[in-house]
Structures are given as C-alpha cells and as structure tokens.
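The structure appears right after this line, and notes come after that.
The values are calculated or read from the model by the stated rules, or taken from the named source; none is laboratory data. Worth saying up front: this structure is predicted, and the values here are computed from it rather than measured. Positions of Cβ are backbone-derived with ideal geometry, glycine not excepted, and every protein chain shown enters the neighbour counts. Only protein heavy atoms, including side chains, enter the accessible area calculation; ligands, DNA and RNA are left aside. Shrake-Rupley method; radii C 1.70, N 1.55, O 1.52, S 1.80 Å.
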Amino acid sequence: MNPPPFTNAAAVVVAAGRGERAGGAVPKQFARYRGKPLLRHSVEALARLGVGPIVVAIPAEHAELAHDCLQGCEVSLVVGGATRQASVRAGLERLVAAPPAAVLIHDAARPGVGAGVVERLLAALDDTPGAVPALPVVDSLFREGEGAVAREWLHRIQTPQAFRFDAILAAHRAWPGGPDAGDDAEIARAAGLSVALVEGDEGLRKVTFRGDLAADAPALARTGFGYDVHRLVAGEPLWLCGIKIAHSHGLAGHSDADVALHAVTDAVLGAAVAGDIGEHFPPDEPKWRGAASDRFLAHALTLAAARGYAVAHVDLTVICEAPRIAPHKAAMRARLADILGLAADAVSVKATTTERLGFTGRSEGIAAQAIATLYPIQHGSY
C-alpha cells in the first residue's frame, strides 16, 4: 500500500456521543460490529495507513469502557464536550504540543476507512486548507409544498474530513458558538477557509440505527462458568451476594471476599470471552482492598455489553457447612437480581454441603459456582 501524500498527518476520532438512535446498553461506538467494537475499526484503519498520532474523544462516563475497547491501540484519549465541535476542539488541542501538518477528523460511526479516500483528501490539501469526501445523491428528493429538489446541487458529505492543522485549529477557536455545526467543513467555511470536495467512498456508510448493528450481531446465546473459593476467618464480616450475613466467621480476601459475586462475575466474563476477574481486578492492587464485589460484577456486565451481550439468566450454587444459607436465599437472590438488572425469576440461588468432606466440609472455607447465560443484545432474544 502506498503511503499517504502527507506523512505528517494526525487524526481526531470523535466517539463522545450517546448513539441514542442505535439503542443498546452502551453507546453505539462501543457496541460490537463485525467482530470488534465499532470504534476500533476506524482507529485500526487509520493506524494501518500511517496516520498518527490518533486522538480519540470519548464520553467521561465511559472512559474505562473506551480504554477496554481500544486495548493495544496506540491512541491518546481525551474527554469530549457537550457538542461535536467541543469534542473535536478538545482533540485538536491535545495535538498542539507537537502540531502535525494535517489532521483527519473522523466520526467513529463510519468504520469503513479506506486508503483511497484518505489519499484523495490529503492530496487535496496541497491546494486548499480543507477537503471533505462527498458522494452524489441518487434518490429523488421532494420538499413539502415546493416539489422536487434538483439532485445535481446536492452531495452526501462523509468523514474523515482533512484540514491543514493550524487552519482548522484557528477556525475552531474562533467558532462563535450558537447552533451546533453540522461538521468541521461548516466551521472551516465560517472562518473563511475554502473546502474542496473529493470523491467519497460508499464503504464509509454511517452506522446509525439499531438495525445497522443487528445485521452483524452474533447469532447465538453464550454460557459461561465461574468458580471461586475463599477461606473462613474468625471475626471477619461475611458477604454473600452483596448481603452481610451474621456469622462467627467471615471470608478472607483482598476485596470484601464475596465468593458468590466473584463466581457470577467470572461466569459473565467467561461467556463474554473477556478474561477473568483476576485480570481486571488484580489482588495486589491497593485500590481494590476492601472493595465491594458488586463493582466487579458491574464491570463484567459493561464488558459483555461492549461485546454485544446482556445477561439472560444466572444459576448460582453456594457450597458450605455453615452458616445455613436457606434463611438468606431470598435476600441474596433479590440483591443479585438487582445488580444484574434482571427479574428475580431469572436468577437462581441454591446452596449445598459436601457432607463434611473436604475444606468446605471442615468449615475452612466457602466455595461458589455459577453459570451465566448471555444473549445478543441486538437480537433482543435468544
């Protein structure tokens, strides 16, 4: 593949929106699309073309999810703003310390970035401060009360859009605010910059609606298994399924040692093929000391959602001689269902003993095993 005409080209990828029209448990840029998070397609494509550095504008409330979606990618993350132009501005300002000659500004919802359109955009900057990809309108258009609209005067504008860096940064800094700009070309023109149209690419189709993701959704439900053990220690608090249970002994661990939630967390991670609880919450990290284990399960649910899955059902078994679990099962089940966001009839909590055999039989510890069934979010059923 030939290198782009501009070897000193950076990129700002805008991924700070809510993606509300696509629905789903997470913003669409983090949803699964063709085997990976939607956002990752654009980042990897730009990197393959030699574009860099790449700055990604993300929503503050999904910083951890964005980091997980882009694990292994050489990117710089910046918190986006309340509007698209605010997010782009934040990305441009991140590049000021080592300003590139050119910058590509791209929407994460357009995963099909190809070499041809990038080369055309960057080549156009030899003669103009800005360039955008455009395609002709092929459908007939009609304005209510006025009749047909001439298609030859209209274009479908895409991203990435290319600009000389200093010029577009100055244009963003001079933007007066008011109505949101439709794109960066509008901001450039408002600053008096000329913007060229280059041939676009049908492969840059924007992923907008739920059906755009559903066409590529995984077809089958998944099942994961989790197992955990913790030692019983006199005087420690005993937490099971997020419920504190009165007992002479509690479970020892770096966190709150909720063996039941740990087993469910690993079951969800396993079904989502997202590693295990030790990878995400290492026991040697001080910040997890005494942490409530519902945080671990919530994180697992977020990772599953980023891969296009939600939990449909959980079956948990707690294994111990004491305390007796039966008096607490209803509360444990209700709390677990609440953490999972499920109805109680989708959560099973059981208990058994080992007939006084092994470490649980000697009351040295408590074990738990769980099975979680996940279904593809975009299909809505399994």
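Could you tell me whether any residue of region 370-382 is part of a strand (DSSP E or B), within 23 Å of S248 (Cβ to Cβ) and out of contact with any Gly (no Cβ under 7 Å at 6 or more places or on another chain)?
Checked against the condition, which is being part of a strand (DSSP E or B), within 23 Å of S248 (Cβ to Cβ) and out of contact with any Gly (no Cβ under 7 Å at 6 or more places or on another chain), region 370-382 yields no hits at all.
Only one of these is outside any strand (DSSP E or B) and under 28 Å from the mean Cα position of the chain (by Cα): G177, G203, G192. Name it.
G203
Condition first: closer than 21 Å to H280 by Cβ and open to solvent by less than 10 Å² (accessible area, probe 1.4 Å). Can you find one or more residues in region 42-55 that meet it?
no
Just to be sure, is V88 modelled with pLDDT of 90 or more, β-branched (V, I, T), open to solvent by less than 30 Å² (accessible area, probe 1.4 Å) and within 18 Å of the chain's Cα centre (by Cα)?
Here the answer is no, as V88 does not meet what is asked.
Restricting attention to region 336-348, and to residues there that are at pLDDT below 95 and of a type outside the set (A, V, I, L, M), which single residue is nearest to I245 (Cα to Cα)?
Checked region 336-348; the qualifying residue nearest to I245 (Cα to Cα) is D338.
Could you say whether any residue in region 321-340 is at positive phi and touching a residue at least 24 places away in the same chain (Cβ under 8 Å)?
No, because not a single residue in region 321-340 is at positive phi and touching a residue at least 24 places away in the same chain (Cβ under 8 Å).
Taking region 1-41, which residues are under 13 Å from V113 (Cβ atoms), at pLDDT below 90 and buried (at least 23 other Cβ atoms within 10 Å of the Cβ)?
Listed by number, the list holds a single entry, L38.
When the residues of region 217-236 are narrowed to those that are among the hydrophobic types (A, V, I, L, M, F, W, C) and not in a loop (DSSP other than H, G, I, E, B), which ends up least open to solvent (accessible area, probe 1.4 Å)?
L232
Can you confirm whether A185 is small (G, A, S) and either open to solvent by 70 Å² or more (accessible area, probe 1.4 Å) or without any contact (Cβ under 8 Å) to a residue 24 or more places away in the chain (or both)?
no
For a quick check of your reading: which helices (runs of 4 or more DSSP H) sit entirely within region 21-101 and have at least 1 residues that are more than 18 Å from I168 (Cα to Cα), in contact with a helix residue (DSSP H, G or I) (Cβ under 6 Å, 6 or more places away or on another chain) and not charged (D, E, K, R)?
Hits in region 21-101: 38-48, 63-69.
Quick one: which of D315, D345 is within 22 Å of R222 (Cβ to Cβ), assigned to a strand (DSSP E or B) and acidic (D, E)?
Going through D315, D345 in turn, just one is within 22 Å of R222 (Cβ to Cβ), assigned to a strand (DSSP E or B) and acidic (D, E): D315.
Taking the options A337, A310, name whichever one is touching a Phe, Trp or Tyr at 6+ places or on another chain (Cβ under 7 Å), crowded, with 18+ Cβ neighbours inside 10 Å and not charged (D, E, K, R).
A310
Look at region 117-141 and say how many of its residues are within 21 Å of G203 (Cα to Cα), over 28 Å from the mean Cα position of the chain (by Cα) and not in a loop (DSSP other than H, G, I, E, B).
10
What's the number of the condition F163 fails, among (1) outside any loop (DSSP other than H, G, I, E, B); (2) of a type in the set (A, V, I, L, M, F, W, C); (3) surrounded by fewer than 21 Cβ atoms within 10 Å (Cβ to Cβ)?
For F163, the failing item is (3).
Pull out all pairs, ordered by first then second residue, where Cβ-Cβ is under 6 Å, the residues are six or more apart or on different chains, the first lies in region 343-369 and is among the hydrophobic types (A, V, I, L, M, F, W, C), and the second is in a loop (DSSP other than H, G, I, E, B) and surrounded by 15 or more Cβ atoms within 10 Å (Cβ to Cβ).
Close Cβ pairs satisfying both conditions: A351/I325; I366/C320.
Looking at region 148-160, which of its residues are surrounded by 12 or more Cβ atoms within 10 Å (Cβ to Cβ) and assigned to a strand (DSSP E or B)?
V149, H155, R156, I157
Exactly one of these conditions fails for F225: (1) of a type outside the set (V, I, T); (2) modelled with pLDDT of 95 or more; (3) more than 30 Å from L374 (Cβ to Cβ). Give me its number.
Failed condition: (3).
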